[in-house]
Amino acid sequence: GAVVSQHPSWVICKSGTSVKIECRSLDFQATTMFWYRQFPKQSLMLMATSNEGSKATYEQGVEKDKFLINHASLTLSTLTVTSAHPEDSSFYICSARGLDGNTIYFGEGSWLTVV
Amino acid sequence: GNSVTQMEGPVTLSEEAFLTINCTYTATGYPSLFWYVQYPGEGLQLLLKATKADDKGSNKGFEATYRKETTSFHLEKGSVQVSDSAVYFCALSNAGSQGNLIFGKGTKLSVKP
């Protein structure tokens, strides 16, 4: 079946630095990818919708200049957390819409810890 | 707006017990409904889904029926196993939302031997 791979799985960075998380669709082309964030004991919250070749659509309250999303190809979307702060520590997970247009496949997620 | 409400956890059961995790939703139109499972240290996996009223999704012994009249999609399993211990998320996707999912807060299930 369709597979979405996310990298890295775990990352620790210092406050003020930037970190990039990659989301790849391995065996299908994904025109639309989604980025979610999950704080401890909370649900997943959609951060942004990423469409290949165009600017991402951010949800209300998500800073687009802080969470840079690039979807330069049909198999890769990246999320860059710029000038990271400890409160950005969270579980970030991406998903991609499959070829049938309805099925959503999730990556394994990335744990970000900012120290 | 669209939203999903699911029962608070954690839920602790003994092996072979019956499981119900309640989920209700609010949505415009006719959303698709999903249950996702997150095992410890892993990402989300689709467990089952239903795309229209009265559809029953099933997988790995789990079932959920799309009830439009009660706007519910309760998850059930007749006999849980220790390996079912995970966090379960109910979610909906509205056709007009490009397919992004709206999740409930998740219910943690612990099954004891």
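The values are calculated or read from the model by the stated rules, or taken from the named source; none is laboratory data. No experiment lies behind these values; they were computed from the predicted model shown. Backbone-built Cβ (ideal geometry, glycine too); neighbour counts: all protein chains shown. Remember, those area values only see protein heavy atoms, side chains included, never the ligands or the DNA or RNA. Shrake-Rupley method; radii C 1.70, N 1.55, O 1.52, S 1.80 Å.
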Response to the item:
The ³J(HN,Hα) series, computed from each phi in region B:69-75 with the Karplus coefficients 6.51, -1.76 and 1.60 at θ = phi - 60°, rounded to the nearest Hz and given as x for glycine or proline, is 5, 10, 6, 10, 8, 6, 8
Worksheet entry | Over 16 Å [Cα-Cα, region B:29-79], rounded percent | 41 percent
Worksheet item: trypsin sites (Lys or Arg not before Pro) within region A:1-109: which are DSSP loop residues with at most 11 other Cβ atoms inside 10 Å?
Response: A:Lys14, A:Lys41
Discussion item. Contact order normalised by length for chain B, with contacts defined as Cα pairs under 8 Å and 6 or more residues apart; what percent is it?
Written reply: 36 percent
Worksheet entry | Long-range HN-HN contacts of A:Ile21 with modeled amide H, under 5 Å | A:Leu79, A:Thr80, A:Val81
Worksheet item: Quick one: in region A:23-71, what % of C-alpha pairs are over 14 Å apart?
Response: 53 percent
Discussion item. As a test of the definition: with a 1.4 Å probe, what buried accessible area, both sides summed, do you compute for A against B, in Å² to the nearest 100?
Written reply: 1400 Å²
Item to complete: Jot down the radius of gyration and Dmax of chain B, Cα atoms only, both in angstrom.
Response: 13.5, 44
Item to complete: Could you list which residues have their amide H under 5 Å from that of B:Ser110, counting only those 5 or more apart in sequence or on another chain, with H placed in the peptide plane?
Response: B:Val11, B:Thr12, B:Leu13
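With the cut-off at 16 Å, report for region A:8-47 the share of all Cα pairs above it, as a whole percent.
58 percent
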Response to the item:
Diffing region B:81-89: the Karplus 3J(HN,Hα) column from phi (6.51, -1.76, 1.60, θ = phi - 60°), in whole Hz with x for Gly and Pro, holds 10, 4, 5, 7, 4, 5, 9, 10, 10
Discussion item. Pairwise over distinct Cα atoms, reciprocal of the mean inverse distance: report the Kirkwood radius of chain A in Å, one decimal place.
Written reply: 14.0 Å
Item to complete: Using a 1.4 angstrom probe, figure out how much accessible area region B:56-113 has per residue, in square angstrom, rounded to the nearest whole.
Response: 44 Å²
Worksheet, complete the sentence: Mean projected area (nm²) from the convex hull of Cα positions in the protein assembly as shown is 12.3 nm²
Discussion item. Tell me the carbon and sulfur percent of the accessible area for region A:7-115, rounded to whole percent, probe radius 1.4 Å.
Written reply: 53 percent
Worksheet item: Between their Cα atoms, which of B:Lys49/B:Lys108; A:Lys14/A:Lys64; A:Lys14/B:Lys108; B:Lys60/B:Lys108; B:Lys52/B:Lys112; A:Lys20/B:Lys105 are more than 24 Å away from each other?
Response: A:Lys14/B:Lys108; B:Lys52/B:Lys112; A:Lys20/B:Lys105
